[in-house]
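Working notes, structure below.
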Amino acid sequence: MMIGSVAYLFPIVISNKNKMLLERLGLALIVGSYFIVSKEDTWPGYAALLPVLGALFVIFSARDESFVTGNLVFQKIGAWSYSIYLWQWPLLVGIYCYTLDDMYIFIGIALSMLLGFISNRYIERIRFKNGFHSARAYLKCNPLYIMLFISILSLIVIANKGDSYWVNNLDSTEYKTYYLLFNRDKESDDWGVSSEGGQNFSKCNFNSTSLTDAMKVKLKQCESTNNSGVLILGDSHSKDLFGMVSSAFENDFIVGITNTQGCRPNTQKNIVKNII
């Protein structure tokens, strides 16, 4: 979005011949990113520069007569693009939350385009009254009632602890695990500072070298009694993974979580390579 703003605020003058070359280069970067970027690449990262720069070049070229960007289909998709962008997020979250098949990705793309068209056509083009000459005139302001309706819904969610809905719907084993770990004694965390100036989380330095023989025996006993499981290690952000990971397995598959604010597993790189 920022790059697009740069193209809008600082347009450049280019000859028609160079416009065509710039557009082709931009399209090549956009199309090429589909073949170069893979799920193994960090996203967003440097790989995002390919489609972003490609889009920037296409915008800079500003070729209204272009067969690719000037045709009716692409013009309409461009007009609905922001609405499509807004709709694709809840659809994408739903696909991942319910671990739906890859087929639903294509259904989500089609739905986001349809919903983007509908909201752009019938919602975003509404011209609300913006002239208020008295306090009573505000009572005729429709967005005010929309805001009031959303506020009431939000208060209902808060009153019913809707933000903890996913926790309350965990099975008993998962709920007890989450409750015990979430309500641990946080005062036991060591917030000291090391000699190098970094924080020393001695209470949470869990790594493969700190596993004693007694701990290994307990882990084996746990596995034989409760079958295999998943242990999420990390800082406070690892809590966000608990619901997603636990929902991906059957109820008898235990998912545990251990985290401390700012704490990460600190197994050395050479040890990790040997484990892998």
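The condition (being within 26 Å of the chain's Cα centre (by Cα) and over 28 Å from residue 121 (Cβ atoms)) is satisfied by just one residue among 83, 61, 38, 5: 38. When segment 24-43 is filtered for residues that are of a type in the set (Lys, Arg) and under 14 Å from residue 69 (Cβ atoms), only 24 remains. Residue under question is residue 13, and the condition is that it be within 25 Å of residue 102 (Cα to Cα) and free of Cβ contacts under 8 Å to residues at least 60 places away in the same chain; does it hold? Here the answer is no, as residue 13 does not meet what is asked. Being closer than 19 Å to residue 81 by Cβ and among the aromatic types (Phe, Trp, Tyr) is a property that holds for residue 57. Filtering segment 66-94 to residues that are modelled with pLDDT under 90, buried (at least 17 other Cβ atoms within 10 Å of the Cβ) and in a helix (DSSP H, G or I) leaves nothing. Residue 50 meets the stated requirement of being surrounded by 14 or more Cβ atoms within 10 Å (Cβ to Cβ) and in contact with a Gly (Cβ under 9 Å, 6 or more places away or on another chain). Whether a residue is under 25 Å from residue 115 (Cβ atoms) and surrounded by 11 or more Cβ atoms within 10 Å (Cβ to Cβ) was assessed, and residue 33 does not pass this test. What's the total number of residues in segment 38-65 that are part of a loop (DSSP other than H, G, I, E, B) and β-branched (Val, Ile, Thr)? Final tally of qualifying residues: 1. Among the residues of segment 138-157, what is the count of those that are in contact with a Phe, Trp or Tyr (Cβ under 8 Å, 6 or more places away or on another chain) and either outside any helix (DSSP H, G or I) or aromatic (Phe, Trp, Tyr) (or both)? Total meeting the criteria: 2.
Of the residues that make up segment 7-21, is at least one assigned by TED's automatic domain parsing to the domain that holds residue 113, at positive phi and in a loop (DSSP other than H, G, I, E, B)? No, segment 7-21 has no match at all. The criterion of being touching a Leu at 6+ places or on another chain (Cβ under 8 Å) and either within 26 Å of residue 87 (Cα to Cα) or hydroxyl-bearing (Ser, Thr, Tyr) (or both) holds for residue 116. Quick one: would you say residue 55 is surrounded by 14 or more Cβ atoms within 10 Å (Cβ to Cβ), without any contact (Cβ under 8 Å) to a residue 60 or more places away in the chain and either of a type in the set (Phe, Trp, Tyr) or more than 27 Å from residue 117 (Cβ to Cβ) (or both)? Considered against the rule, which asks whether it is surrounded by 14 or more Cβ atoms within 10 Å (Cβ to Cβ), without any contact (Cβ under 8 Å) to a residue 60 or more places away in the chain and either of a type in the set (Phe, Trp, Tyr) or more than 27 Å from residue 117 (Cβ to Cβ) (or both), residue 55 comes out as no.
Scanning segment 112-161 for residues that are within 30 Å of residue 76 (Cα to Cα), loosely packed, with under 11 Cβ neighbours inside 10 Å and among the hydroxyl-bearing types (Ser, Thr, Tyr) yields one hit, 122.
The values are calculated or read from the model by the stated rules, or taken from the named source; none is laboratory data. Given the structure is predicted, the values throughout are model-derived calculations rather than measurements. Cβ sites come from the backbone with ideal geometry, for glycine too, and all protein chains shown count toward neighbours.
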